[in-house]
1. Looking at (1) buried (at least 17 other Cβ atoms within 10 Å of the Cβ); (2) under 12 Å from B:LEU343 (Cα atoms); (3) free of Cβ contacts under 8 Å to residues at least 24 places away in the same chain; (4) not aromatic (Phe, Trp, Tyr), which is the only condition B:GLY300 fails?
2. Test A:LEU102 against the stated conditions and say whether it is over 30 Å from A:PHE265 (Cβ atoms) and touching a residue at least 60 places away in the same chain (Cβ under 8 Å).
3. Mind counting the residues in the stretch B:109-132 that are among the hydrophobic types (A, V, I, L, M, F, W, C), part of a helix (DSSP H, G or I) and either within 8 Å of another protein chain (Cβ to nearest Cβ) or closer than 18 Å to B:ILE191 by Cβ (or both)?
4. Say whether the condition of being exposed (fewer than 15 other Cβ atoms within 10 Å of the Cβ) and under 30 Å from B:GLY224 (Cα atoms) is met by at least one residue in the stretch B:277-287.
5. Taking A:PHE240 and the conditions (1) more than 23 Å from the chain's Cα centre (by Cα); (2) surrounded by fewer than 17 Cβ atoms within 10 Å (Cβ to Cβ); (3) among the hydrophobic types (A, V, I, L, M, F, W, C), which numbered condition does it fall short on, given that it satisfies the others?
6. Within the stretch A:154-186, track down each residue that is of a type outside the set (D, E, K, R), over 24 Å from the mean Cα position of the chain (by Cα) and outside any helix (DSSP H, G or I).
7. Identify, by number, the condition in (1) away from chain B (no Cβ under 14 Å); (2) among the small types (Gly, Ala, Ser); (3) free of Cβ contacts under 8 Å to residues at least 60 places away in the same chain that A:ALA259 doesn't meet.
8. If you go through the stretch A:48-68 one residue at a time, how many are loosely packed, with under 14 Cβ neighbours inside 10 Å and more than 18 Å from A:ALA238 (Cβ to Cβ)?
Amino acid sequence: MSSVPLDGVAAAAGIEEALPLRIKLAARGLDGTTLLVLPAFLAIVALFVYPFLYGLWLSFQPKDGGAALSNYVRFFSDPFLYETIGTTLRIALPVTIVNLLLAVPIAMRVRLMRRQRILTTILVLPVTLGTVLVAEGLLNYLGPQGWFNRSLMWLGVIAGPVKLTNNYWGVVASLLITGFPFTFLLTLSYVTGIDPALEQAGAVHGASARSRFFRIVLPLILPGLAITFCLSFVQAFAVFPSAVLLGAPAGPTRVISIAAYQAAFEEYDYSLASAIAMIMGLVQFALVAAVLAGRRLLYRGPVAGTKG
Amino acid sequence: MTIAARHGVGALELRGVRREFGSLAALAGIDLRIEEGEFIALLGPSGCGKSTALNCIAGLLPLSGGSIWLGDRRIDRLKPEERGFGMVFQSYALFPHMNVRKNVGFGLSMKGVKGAEAARRVDEGLALVRLQSQASKLPGQLSGGQQQRVAIARAVVIEPAIVLMDEPLSNLDAKLRMEMRVEIRRIHDTIGSTTIYVTHDQDEALSMADRIVVMRDGMIRQVGTPEDLYERPLHADVADFMGFRNRMPGQVRAVANGRAEVAVCGTTVQGLVREPVQAGASAVVSIRPEDLVAGASASGIPARVTAIEYRGRAFFGTALAEDGTELFFRADRTVAKDEAVVLAPLPDRTLVFAGAPA
């Protein structure tokens, strides 16, 4: 402190410049550990960012020449193509909603069980089976000669077999089975995150089981359910194998991924296929964005009843 | 203030209440009668069954046996929401997504109290716990002490027959605990409720309760006023819990006029007989550290000081008797570590209990 600096700001800046680069970077959160992100970053670039951008570019390069947007114009002027959006939504939305409606009460019950592990394992098993195995199984089980129809006929509920495969219901059944474990596991993690003392407090102060659920539990898991809805919906929206195997891929279950597949591998029009894939992505993104925007209106703080 | 506890419901009575968890008996047949308007503390070490008892009264745990009565009405089969009690939880269990007003008004809205009446009672509840200025905050924005007050307000605005409190002060710092003790007792007196207060802190129980129920291993060991328990514990384990830190095993020499002479720590001491003992039987002598004084008289228990600390008015220390028993004592002047001292027990403050059968 031999001299008083005339300009304090300049002096402070001078001191900052004197710090080694390594320390300055560390202060901004960049240090040796940051390098560990690199492999994952490269993988994402190679497997997601590049293919996405290439697909986007390709979708603007129509096979037969023409304007950049002609693939998109073609999609939205051909009912055979644009109606696949509605078809897919008609399958994916009900499946997602039904799975959520099933998952919440089951998760509420499973949370209280002592042998949670076993039940969770049983419920999650369909995930390990794979879509194709489930589809094959359902073809037999739900088919005209399957156990399901034969049981109903034996019970006298129906006179002749009900058609449940190679149509809308076959695809819905298959998606429910393969999508449920995923929806359930996510829901269970949100439900178990809620302090049981909150419901006890509700009960002691006069809330019935119904009020406890709607006034206490539901508001606290709703933000989590919104996320669960988005992830489950995106999965269901991309349905392909079961729509082909269990559905009627030429008509009622001609989902958007089938349209993209046909464009790419039957017409060999990769440009149109890319455009369809982009549209598919946009529809998913629009729905997810809408749900997440709604989620912003909800309470999203801690779900415990104390400061901890 | 118009918030007042519901009156005329009668006494709460536990008759042979049992609760088992697997093969473990958390409550091994409890009989207890709590009069209307009483402040009762359930006191005991962790695992003694006091919280289990409270949860059984609240209806959060089903009984394995016995019954619970409120006046002439049997309530142990009612759901918790049908009992009309208020409860303060150890973790407060405030609804994190509701602001203070909504938390306090929760019970009212469940009971169908609406509009101006509900608003008035919530205002009164907030005034009772002095939180009017925080009404629109979420629980996460409050300090521990404030959350505690919200939890109390939520429990009392429904004007419950009984307020249950499960170690409500255990998450607060020492100073706040002292303040809240006074506060809780004031609220109890203001609304005139029956309060059942679970705690493991005997200071809390002694300072707040009209009667204390000391529990151990799922059983009631003693029920009495704070003075009863502090001055006249019936068993050695109750005494232990009431601050009789010195427990000296010994052998009875003589018994006369309610006093016994017991051989302990290489000498003999006199004390008041609390459990029947006979000459020649084994016994336990209990005494508080403040009643075992170093250097007060020439006779007493010879011991060697192992540690000494200054605590305001007096010095308190630990010493080893000749037979290796660790003793806690008081000294009016400082003594050095390793110094030989004679610890004199005050005979009227020395209690003799039956010893474990050899």
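Just so you know, all these numbers are worked out from the coordinates, no wet-lab data involved. Please read all numbers here as calculations on a predicted model, not as lab measurements. FYI the Cβ positions are ideal-geometry reconstructions off the backbone, even for glycines, and counts take in every protein chain you see.
1. (3) is the only condition that B:GLY300 fails.
2. Numbers: over 30 Å from A:PHE265 (Cβ atoms): yes; touching a residue at least 60 places away in the same chain (Cβ under 8 Å): yes.
Yes, satisfied.
3. So in the stretch B:109-132, the residues among the hydrophobic types (A, V, I, L, M, F, W, C) come out as B:110, B:113, B:116, B:118-119, B:122, B:126-129, B:131.
Narrowing the set further to residues that are part of a helix (DSSP H, G or I) leaves B:110, B:116, B:118-119, B:122, B:126-128.
Of the ones still in play, those that are also either within 8 Å of another protein chain (Cβ to nearest Cβ) or closer than 18 Å to B:ILE191 by Cβ (or both) are B:110, B:118, B:122, B:126-128.
Residues that pass the stated criteria total 6.
4. Keep residues of the stretch B:277-287 that are exposed (fewer than 15 other Cβ atoms within 10 Å of the Cβ), which gives B:278-280.
Checking the rest, the ones that are also under 30 Å from B:GLY224 (Cα atoms) come to B:278-279.
Yes, the stretch B:277-287 contains at least one residue that is exposed (fewer than 15 other Cβ atoms within 10 Å of the Cβ) and under 30 Å from B:GLY224 (Cα atoms).
5. It fails just one condition, (1).
6. At the first step, the residues of the stretch A:154-186 found to be of a type outside the set (D, E, K, R) are A:154-162, A:164-186.
Now drop any that are not over 24 Å from the mean Cα position of the chain (by Cα), which leaves A:154-162, A:164-166.
Across the stretch A:154-186, the qualifying residues are A:LEU155, A:GLY156, A:VAL157, A:ILE158, A:ALA159, A:GLY160, A:PRO161, A:VAL162, A:LEU164, A:THR165, A:ASN166.
7. (3)
8. 10
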